[in-house]
Amino acid sequence: MLQSTLDKDRVHRLHVAVIMDGNGRWAQARGLPRTAGHREGAKAVRSVVEAAPDLGIGTLTLYAFSADNWQRPQPEVRVLMELFERFLHSERDKCIENGVLLNIIGRRDRFEPRLLRAIRRAEAATAAGRTLHLRIAVDYSARQALMDAARLYQSTEAQNADSYSELLNRAINSRPAAPDVDLLIRTSGEQRLSDFLLWECAYAELIFTDCLWPDINGQELERAVEEFHRRERRFGRVVEARELAS
Ligand code: IPE
Ligand code: IPE
Ligand code: MG
């Protein structure tokens, strides 16, 4: 059964998704090439991942490279792929040590074979992690995922939102399946979704911060989670006067 792939304990913790934006501007502000911003951005990932479990986060999805990002200049794309591969090697042991289950979501058919091997190795080595499901979205497009899941849905018996969610998770190689997003954060001041988790963010709280991604750290994440807890989520319902008074 598809549902069995969900880790119940992890599901009861928060799913935070982050659009890691602003690397290029961070570098340009310092007179550096855009790629310097990507290198610095990769370091910021570690600080956020380390902070996440203590903030009640069970699933952390980081948008690293969109399907549309292939349209960037080739040298920039090459550096991004190199950084990604290096990240898989350098973080693997740390993930195992900290119980982090590393999972790459998105398409897989456009990666170099070497990168694909590194992905599979890192995922297999960290598969037992129960502290945090770290999903890194690479060659990811929410619209593509929605189309792929729709194709699978046609031949499914149980047709409802939950079964569609499971198929969507399968379409993007999310292992295990992840719950809907509770909090979506985008750095660098931009206020758009850029084809990220369009279905999963149906009732997500949105936080936009001017901070550029390379300047992000665990404290910034903590501030965002604190703001999330101050928000009132209604899911279309009305809040009873009784509840408000208590
Ligand atoms: C985010 O930073 C990283 C990727 C999209 C790969 P950008 O590279 O988009 O940085 P800006 O938006 O140009 O500053
Ligand atoms: C979205 O950022 C993708 C990632 C952060 C990986 P972009 O910088 O590519 O998005 P747009 O072009 O500003 O919408
Ligand atoms: Mg950008």
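Just so you know, all these numbers are worked out from the coordinates, no wet-lab data involved. Computed from a prediction, not measured in an experiment: that's the story for all the values here. So basically every Cβ, Gly included, is an ideal-geometry build from the backbone, and we count neighbours across all protein chains shown.
Output the residue which, of all residues in segment 20-50 that are basic (Lys, Arg) and touching a Gly at 6+ places or on another chain (Cβ under 9 Å), is farthest from ligand 2 (Cβ to nearest atom).
Step by step, filter segment 20-50, then rank; the result is 30.
Assess whether residue 175 counts as being in a loop (DSSP other than H, G, I, E, B) and within 16 Å of ligand 1 (Cβ to nearest atom).
Working: in a loop (DSSP other than H, G, I, E, B): yes; within 16 Å of ligand 1 (Cβ to nearest atom): no.
No: the conditions fail for residue 175.
I'd like the full set of residues that are among the hydrophobic types (A, V, I, L, M, F, W, C), closer than 21 Å to residue 133 by Cα and assigned to a loop (DSSP other than H, G, I, E, B), limited to segment 181-214.
Listed by number, the residues that qualify are 181, 196, 197, 198, 199, 201, 202, 204.
Of all residues in segment 149-175, how many are among the charged types (D, E, K, R) and farther than 23 Å from residue 124 by Cβ? Walk me through it before giving the result.
Narrowing segment 149-175 to residues among the charged types (D, E, K, R): 151, 157, 162, 166, 170, 175.
Now drop any that are not farther than 23 Å from residue 124 by Cβ, which leaves 151, 157, 162.
The number of residues fulfilling the criteria is 3.
Checking residue 206 against (1) among the aliphatic types (A, V, I, L, M); (2) in contact (Cβ under 8 Å) with a residue 60 or more places away in the chain; (3) closer than 19 Å to residue 58 by Cα, which single condition isn't satisfied?
(2)
Looking at residue 60, is it more than 20 Å from residue 35 (Cβ to Cβ), hydrophobic (A, V, I, L, M, F, W, C) and not in a helix (DSSP H, G or I)?
On the way: more than 20 Å from residue 35 (Cβ to Cβ): yes; hydrophobic (A, V, I, L, M, F, W, C): yes; not in a helix (DSSP H, G or I): yes.
Yes; evaluated as a whole, the condition is true for this residue.
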